[in-house]
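Step one of this worksheet: look at the structure below.
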Amino acid sequence: MLSPCLPQLRLLSCSIILILLFQAGDTKRDLKSACSTCQQITENFNKGYDRTAKQNFGGGNTAWEERKLSKYETSEIRLMEILEDLCDSSSFECNRMVEEHEEQFETWWFKKKTKHPDLHKWFCIDTIKVCCPKGTFGPDCNACIGGSERPCHGNGVCDGDGTRGGNGKCSCDHAYKGEFCLDCIDGYFNEVRNDTFSLCTECDTSCKTCTGATNQDCDECKEGWEEDDQEACVDVNECAKEPSPCKEDQYCLNAEGSYSCNGCDEACTGCTGGGPDECQACAEGYQDVEGTCTDIDECSQSDPACVKENQECVNSKGSFICICSSGYEEKDGECVQQSDEKEESEASETTPGPHREL
């Protein structure tokens, strides 16, 4: 008989595994972060060293002070002034690292600086061991893929490069792929390639994949391109196809590997291009005048456009409107004379009042 607590044990076991996995991921991040912090500390130390190069003890008698207190250049006071400015007050990790290793800074300052002038190498790499030399990674500072001189064969970034973290795998630059960053992505080809060096060059714009730089070197054409009789990839003119890929009130404009649909001019019913001179037929309210669809002025025609009494015609693009003449108003679809009261009211609004001298 199975123990009733077995499922709980399985659940506990899975939880422990997940915690360990998360901790392992955090450890890798912490290792990279520790190196970054140490790098920043040593950079700030060098800036502080330069900043204090021409300073002294600050007293009135510098010669006496240096005779009694030793030279400011190599003094503990100068070291403390530099250490005070290594970290922002809000940077916990930086301040913790400086506090933990203050003795190492003193050792380097008084005993190692002459023989080991590179503080980053002595402190971060060799002493507290949070960083690695460039081109190496991990706890043992192993060489990145491709070698420490040219990580990822110069075509990518090594994970953990220069830190005690990471896995050494390559993140390839654009155009490159593969474990060693020696292969080319689609759209690029190896112009030069051997076991340690690769140069990927972009294919012709018509190629999806290729072996050379021209449109005759395509292995496969991109969408919107097709092989011609010479096995070269050439542009497909989608606008020449029947039926047109565009709507009736649009015209097709071809482009390399593609096309676009654009609206016809309002004067057109169907068109072959933009503008009123590219119409297949003129829209209602327009007429063809020497090959261009032009607005018809209905108001100037021999037959009146507005036939009701006391109406006036106002032309507009492709159309016209009928309005009542001055002094008339529309009522029940007819233009009737305005009432005397309304006329007097409108007149008073436009007539200036009496002018009085002050």
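Values quoted throughout were computed directly from the atomic coordinates according to the rules given, and no laboratory measurement underlies them. Just so it is clear, the structure is predicted and the values come from calculations on it, not from any experiment. Here Cβ is always computed from backbone atoms with ideal geometry, including for glycine, and neighbour counts include all displayed protein chains.
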Original post:
For Val157 and Glu248, FRET efficiency with R0 = 56 Å and r from the beta-carbon atoms, rounded to 0.05?
Top reply: 0.55
Original post:
What net charge do the residues around Lys317 carry, taking every other residue with its C-beta under 9 Å from that of Lys317, with Lys and Arg at +1 and Asp and Glu at -1?
Top reply: -2
**OP:** Could you compute the FRET efficiency for Asp332 and Ala255, with r as their C-beta to C-beta distance and R0 at 51 Å, rounded to 0.05?
**Re:** 0.35
Original post:
What lysines could a cross-link reach from Lys308, if we take a straight Cα to Cα line under 27 Å and drop same-chain neighbours fewer than 8 places away?
Top reply: Lys317, Lys331, Lys342
Subject >> Pairs of Cα atoms farther than 12 Å apart, segment 247-296, % >> reply: 56 percent
Subject >> Distance in nm between pseudo-label sites at Lys121 and Thr292 (7 Å out along the Cβ direction from Cα) >> reply: 7.8 nm
Subject >> Sorted peptide list for 300-306, 251-257, criterion being average Cβ within 10 angstrom, highest first >> reply: 251-257, 300-306
Subject >> Summed side-chain charge close to Ala143 - residues other than Ala143 whose Cβ falls under 12 Å, Lys, Arg +1, Asp, Glu -1 >> reply: -1
**OP:** Output the pairs from Lys121/Lys177; Lys134/Lys177; Lys54/Lys111; Lys112/Lys169; Lys222/Lys247; Lys32/Lys113 with a Cα-Cα distance over 30 Å in this structure; if there are none, say none.
**Re:** Lys121/Lys177; Lys112/Lys169
Subject >> Extension gain, Glu226 back to Val192 (0.36 nm per residue minus Cα-Cα distance, nm) >> reply: 9.5 nm
Original post:
What fraction of the Cα pairs in segment 300-341, stated in percent, has a spacing above 13 angstrom?
Top reply: 55 percent
